[in-house]
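Undergrad: Can you keep this structure in mind? I'll have questions shortly.
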Amino acid sequence: MGCKYSKKVINKVPGYEEPIVLASQTPCEYPSSAVNVSEVEALYELYKKLSNSIIADGLIHREEFQLALFRNKNKRNLFADRIFDLFDIKKNGVIEFGEFVRSLGVFHPDASMEDKIKFAFRLYDLRQTGYIEREELKEMVLALLHESDLVLSVDIVESIVDKTFSDADTKGDGRIDQDEWKAFVSKHPSLIKNMTLPYLKDITLAFPSFVVNSEVDDADVCV
């Protein structure tokens, strides 16, 4: 079965990719975890709002990403910085539409738990060594406490980090690999609760204006 493309004329942002192409890049045999065409079109509406919130150039800059997450472009946060860096696949300092959709897909409620665990591992692997080291874990714990406005003594923070790290580092080699991380998260699923954004399930309801007249049939994505 072939794919048909929408004939709709829209004002495209830089780096725009056709929704039907983006949607087709999730294997068709796993539709429950796919971002469908209608959802991609709705995400385009969201993307346009975010990418023009501060700098009207159709690209999401770090400040716009901060503003979207915290309603404050000046409130720097380690988590937001790491997520931005992972979304910025081309490493050119901005998030383009295709990068936005591909990266956001892992936060979809229907995305696999394995993909969420892998993404979270990359989030904690601050130095991109392929392992989570104690200092990286400590930085994340401190960022979490700061975001929650919790002030704990140095001794308590060190105790939390030591206990968490020793529980996860089952091989005792001073670093957490992907297998250890997966096993640890399986015991403590709350660690990745923020890896699911429920509103993505109903994104077409939040941004219906572009989607309602879509000429692309989601069934036509599969070849």
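The values are calculated or read from the model by the stated rules, or taken from the named source; none is laboratory data. Bear in mind the structure is a predicted one, so any value in this text is a computation, not a measurement. Here the Cβ positions follow ideal geometry from the backbone for every residue, glycine too, while neighbour counts run over all protein chains shown. Keep in mind that these areas ignore ligands, DNA and RNA; they rest on the heavy atoms of the full protein, side chains included. Shrake-Rupley method; radii C 1.70, N 1.55, O 1.52, S 1.80 Å.
Undergrad: Looking at the range 164-187, is at least one residue open to solvent by 80 Å² or more (accessible area, probe 1.4 Å), in contact with a helix residue (DSSP H, G or I) (Cβ under 6 Å, 6 or more places away or on another chain) and under 30 Å from TYR44 (Cβ atoms)?
TA: So far as the range 164-187 goes, no, none of its residues is open to solvent by 80 Å² or more (accessible area, probe 1.4 Å), in contact with a helix residue (DSSP H, G or I) (Cβ under 6 Å, 6 or more places away or on another chain) and under 30 Å from TYR44 (Cβ atoms).
Undergrad: Quick one: count up the residues across the range 107-118 that are out of contact with any Pro (no Cβ under 8 Å at 6 or more places or on another chain) and either open to solvent by less than 20 Å² (accessible area, probe 1.4 Å) or not in a helix (DSSP H, G or I) (or both). It would help to see each step written out before you state the result.
TA: Of the residues in the range 107-118, the ones out of contact with any Pro (no Cβ under 8 Å at 6 or more places or on another chain) are 107-108, 110-118.
From what is left, the residues that are either open to solvent by less than 20 Å² (accessible area, probe 1.4 Å) or not in a helix (DSSP H, G or I) (or both) are 107-108, 110-112, 116-117.
Total satisfying the criteria: 7.
Undergrad: Further question on the same structure: Taking TYR131 as meeting all but one of (1) closer than 20 Å to PHE87 by Cβ; (2) aromatic (Phe, Trp, Tyr); (3) open to solvent by 60 Å² or more (accessible area, probe 1.4 Å), write down the number of the exception.
TA: Only one criterion in (1) closer than 20 Å to PHE87 by Cβ; (2) aromatic (Phe, Trp, Tyr); (3) open to solvent by 60 Å² or more (accessible area, probe 1.4 Å) is unmet by TYR131, namely (1).
Undergrad: Further question: Any residue that is part of a helix (DSSP H, G or I) and within 17 Å of LEU191 (Cα to Cα) - is there at least one of those in the range 128-136?
TA: Taking the range 128-136 and keeping what is part of a helix (DSSP H, G or I), we get 134-136.
With within 17 Å of LEU191 (Cα to Cα) added as a condition, the list becomes 134, 136.
Scanning the range 128-136, I find at least one residue that is part of a helix (DSSP H, G or I) and within 17 Å of LEU191 (Cα to Cα), so the answer is yes.
Undergrad: Of the numbered conditions (1) without any contact (Cβ under 8 Å) to a residue 12 or more places away in the chain; (2) of a type outside the set (Ser, Thr, Tyr); (3) within 30 Å of GLU41 (Cα to Cα); (4) in a helix (DSSP H, G or I), LYS90 satisfies every one except a single condition; which is it?
TA: (4)
Let's see how each residue does on (1) surrounded by 15 or more Cβ atoms within 10 Å (Cβ to Cβ); (2) assigned to a helix (DSSP H, G or I); (3) modelled with pLDDT of 85 or more; (4) under 17 Å from the mean Cα position of the chain (by Cα):
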{"site": "CYS3", "(1), (2), (3), (4)": "yes, no, no, no"}
{"site": "SER6", "(1), (2), (3), (4)": "yes, no, no, no"}
{"site": "GLU29", "(1), (2), (3), (4)": "no, no, no, no"}
{"site": "VAL35", "(1), (2), (3), (4)": "yes, no, no, yes"}
{"site": "ALA42", "(1), (2), (3), (4)": "yes, yes, yes, yes"}
{"site": "ASP57", "(1), (2), (3), (4)": "no, no, yes, no"}
{"site": "ASN72", "(1), (2), (3), (4)": "no, no, no, no"}
{"site": "ASP85", "(1), (2), (3), (4)": "yes, yes, yes, yes"}
{"site": "GLU99", "(1), (2), (3), (4)": "yes, yes, yes, yes"}
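Undergrad: Where residues in the range 143-163 are modelled with pLDDT under 85 and in a loop (DSSP other than H, G, I, E, B), which of them is least open to solvent (accessible area, probe 1.4 Å)?
TA: Here the answer is SER148.
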